[in-house]
Amino acid sequence: MRQKMAAGNWKMNGTGAALAELETLIQAQHAAKSELLICPPATLLSRAAEIAADSSLAIGGQDCHAASSGAHTGDLSSEMLKDAGATAVILGHSERRADHNETSKTVAAKTKSAWSAGLTAIVCLGETLAEREAGDTLKVVGSQLAASLPDGATGQNTVIAYEPVWAIGTGKVPSLDQIAEVHDFLRHALTTRFGAEMAAATRLLYGGSVKPGNAAEIFATSNVDGALVGGASLKSADFSPIIAALDAS
Ligand code: PGA
């Protein structure tokens, strides 16, 4: 069976003072059944990893470069994230795709780099509102999935996060039927390309305005194995009830 997963994406939020929230979360969730991951800004990675060292909370990066080293000012390699204590990295988040012109081809190259450093790649995909309204959702997420995932993906080295762009940070959430339609489609697409065993082992997370108030119904939805949470992962008081809902699902 797939272990449920709750991943928090702090985005560009938090200085050293925010690490107190991490300590609170670790204490509150020491008995959680779900796999827990927090992806703080890179400046906090090694401090966060030290704090989480003796806990079941894992620490991840929010992006990495495709190359292992070189003249790429401002970038970080997957090996550097690993060295700082990360075990996973979010790749292809819609904010990276939009703000940094990342294509699915770039995401695939970064995914290979993450794997070679021993990191789990959390590969994000999702449609814009215009694409949904045009009826293109499955076409868009299908082509993002195909092009963002290199051959060699397994349930251990890869997690998929479906995040409709219009639901991120907006308080808007797709209907449960809409979430189920995409997650069922993704599971089927993984089966077709990688086989039933891989598809059955790969976690499919939903992301976009997951809150304590909507978490339980989202986690009860077909083929949803957890969540990638932005705003509500910044405070233990918000993230903890989401984790509790996932544990209970
Ligand atoms: P949100 O962000 O929970 O704040 O909508 C989700 C994400 O971007 O991963």
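The values are calculated or read from the model by the stated rules, or taken from the named source; none is laboratory data. Note that this is a predicted model, so its numbers are computed, not measured. So basically every Cβ, Gly included, is an ideal-geometry build from the backbone, and we count neighbours across all protein chains shown. Heavy atoms of the whole protein, side chains included, go into the accessibility calculation; ligands, DNA and RNA do not. Shrake-Rupley method; radii C 1.70, N 1.55, O 1.52, S 1.80 Å.
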Distance from the range 23-68 to the range 211-242 (C-alpha centre basis), Å: 17 Å
Cβ crowding within 10 Å averaged over residues, with 108-118, 191-201 ranked highest first: 108-118, 191-201
Among S113, V140, L129 - extreme Cα towards positive end, dipole of the range 82-164, charges at beta-carbon: S113
Largest-first ellipsoid semi-axes for the range 35-80, taking √(5λ) over the Cα gyration tensor eigenvalues, angstrom: 23, 10, 9
For the chain, size of Cβ-based charge dipole, Lys and Arg +1, Asp and Glu -1, in debye: 160 debye
The chain, relative contact order [Cα under 8 Å, separation at least 6], %: 21 percent
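Using only helices, what value at 222 nm comes out for the chain when you add -39,500 (n - 2.57) per DSSP H run of length 4 or more and divide by the total residues, to the nearest 500 deg cm²/dmol?
It comes out at -12000 deg cm²/dmol, rounded to the nearest 500.
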Cα-based equivalent ellipsoid, the range 83-179: semi-axes from gyration tensor eigenvalues, Å: 25, 14, 13
Local electrostatic count, G14, Cβ distance below 12 Å [Lys/Arg +1, Asp/Glu -1]: +2
Accessible-area value, E217, 1.4 Å probe, nucleic acids and ligands omitted, Å²: 100 Å²
Along each principal axis, Cα extent of the range 47-125, largest first, Å: 37, 28, 20
Accessible area of the chain divided out per residue, in Å², using a probe of 1.4 angstrom: 43 Å²
D83-D177 FRET efficiency (beta carbon distance; Förster radius 45 Å; 0.05 resolution): 0.55
Space enclosed by the convex hull of the alpha-carbon atoms of the chain, per residue, Å³: 114 Å³
Above-threshold pairs, the threshold being 27 Å between Cα atoms, out of K33/K110; K82/K211; K112/K211; K11/K172: K33/K110; K82/K211; K112/K211
Distant-in-sequence amide H partners of W10 (H built 1.01 Å from N, under 5 Å): C39
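With a cut-off of 8 Å between alpha carbons and a minimum separation of six or more residues, what is the relative contact order of the range 125-249 in percent?
Relative contact order comes out at 25 percent.
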Förster radius 35 Å - calculated FRET efficiency between A237 and K112, Cβ distance, rounded to 0.05: 0.40
Sorted peptide list for 219-227, 128-136, 44-52, criterion being average Cβ within 10 angstrom, highest first: 219-227, 44-52, 128-136
Under 10 Å, Cβ to Cβ, from A121 - net charge with Lys/Arg +1 and Asp/Glu -1: +2
